[in-house]
1. Which of these, 50, 134, 102, has the largest mean-square fluctuation under a Gaussian network model of the chain (Cα springs below 10 Å)?
2. Starting from the Cα gyration tensor of segment 230-283, take the square roots of the eigenvalues, sort them a ≥ b ≥ c, and report rounded, prolate or oblate (rounded when a/c is under 1.5, otherwise prolate if a/b is larger than b/c, else oblate).
3. Going by average Cβ neighbours within 10 Å, how do the peptides 177-190, 141-154, 63-76 rank, with the highest at the top?
4. Once amide H atoms are built 1.01 Å from N in the peptide plane, which residues 5 or more positions from residue 126, or in another chain, come under 5 Å H to H?
5. Please list, or write none, the aspartates and glutamates whose alpha carbon is within less than 17 Å of the alpha carbon of residue 275, excluding same-chain residues fewer than 8 places away.
6. How long is the gain from residue 144 to residue 181 if the chain were fully straight, where each residue apart is worth 0.36 nm and the alpha carbon distance is subtracted?
7. Suppose the chain between residue 265 and residue 94 were pulled fully straight at 0.36 nm per residue; how much longer would it get relative to their current alpha carbon spacing?
8. Hey, what angle do you get for helix 112-122 against the long axis of the chain, alpha-carbon based, 0 to 90 degrees rounded to 10?
Amino acid sequence: MALGGDVKPPSARPGGAAVTSPSSLEQELEKAARIIRASAYTIALVGAGISVESGVPPFRGPGGLWTKHGEPPMDGYQRFLADPRAWWADILSRQSEHSEFIKALSEAKPNAAHCAMADLEKLGFLKHIITQNIDNLHQEAGSVAITEIHGNRLKLRCISCNTRWPLGDFPTDEIPPRCPHCGGIVKTDTVMFGEPIPLDALESCQRESRLCDCMLLVGTSAVVYPAAEFPIIAYRRGAKLIEINPMETPLSDVSAAVLRAPAGEAMPKLVERLKELSEAGAG
Ligand code: APR
């Protein structure tokens, strides 16, 4: 897939070959660490792949939910708006039923990749995380500067004023629940198919994508918009892309470094290499 269709950058590496051999993984790690160390403002765009090692299935590719069950209907939000009372009655009545995805989410714990990203933030190398995941695992790992473009499974949100509440803090005896501030309808914070991305989250993502001079692409297939737009915004402004993914994506060819490995393996190594470079005072 060409970036934005009109700008097809030359492939950064001959034939766009995937990085597989361990030695070249070391070389790519070295390159990635030096790019991050030289960067003034590194952020990360994160996808479902980072939580695979926490037992949460991805959506696409091997073992993907959509690969197994097909994509869900794209009008979930329109059906919610058509009868929010029925929607709430349905989810409250099915609270005991857990789909494969919901069950995996409820049992998931942060893995080495989530923890490494929290370390990168504490070390001052990572300024912000844009996550497409609703699993709250970055927060549980200790990360702070986060924008959840698809919402958070542990929160509710007013669809009019975007006020959010922790799941347990909002009474659902009256359905659909109403926002005490503006009277708007309250729903789960997770963004449904067909639902516009909440403006505050979208603006935060666009701002961070314009600010960064380096973007880590961690466990995302980079095909779902608007999230897939952010690397393009960054790349066009001269930012370096660093991909961490066992599989190729449409952005592999334009990434300055590619760590073709699971995030749980690559991210801790990246933190270690950055620490070594810092201790050595190396450029
Ligand atoms: N470490 C890193 N990456 C991994 C790992 C791993 N252990 N395992 C799989 N991956 C990669 C896959 O190769 C794939 O490129 O993670 C990516 C997961 O892609 P998707 O399942 O498409 O997930 P994502 O990019 O987050 O999807 C975006 O689509 O369906 C919607 O709302 C959903 O937020 C989701 C959005």
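The values are calculated or read from the model by the stated rules, or taken from the named source; none is laboratory data. Here the structure is a predicted model, which is why all the values come from computation and not from measurement. Reconstructed Cβ throughout: ideal geometry from the backbone, glycine too, with neighbour counts over all protein chains shown. Just so you know, the surface numbers come from the protein's heavy atoms only, side chains and all, with ligands and any DNA or RNA stripped out. Shrake-Rupley method; radii C 1.70, N 1.55, O 1.52, S 1.80 Å.
1. Greatest mean-square fluctuation among the candidates belongs to 102.
2. Numbers: a/c = 3.07, a/b = 1.38, b/c = 2.22.
Verdict is oblate for segment 230-283.
3. On the way: 177-190: 17.1, 141-154: 19.0, 63-76: 12.5.
Per-residue Cβ counts within 10 Å, averaged per peptide and sorted highest first, yield 141-154, 177-190, 63-76.
4. 121
5. Straight-distance partners of residue 275: 26, 28, 30, 119, 121, 265.
6. On the way: separation 37, 0.36 × 37 = 13.32 nm, distance 2.64 nm.
Gain on extension, residue 144 to residue 181, equals 10.7 nm.
7. Working: separation 171, 0.36 × 171 = 61.56 nm, distance 3.73 nm.
Once the chain is fully extended between residue 265 and residue 94, it gains 57.8 nm.
8. Orientation of helix 112-122: about 80 degrees from the principal axis.
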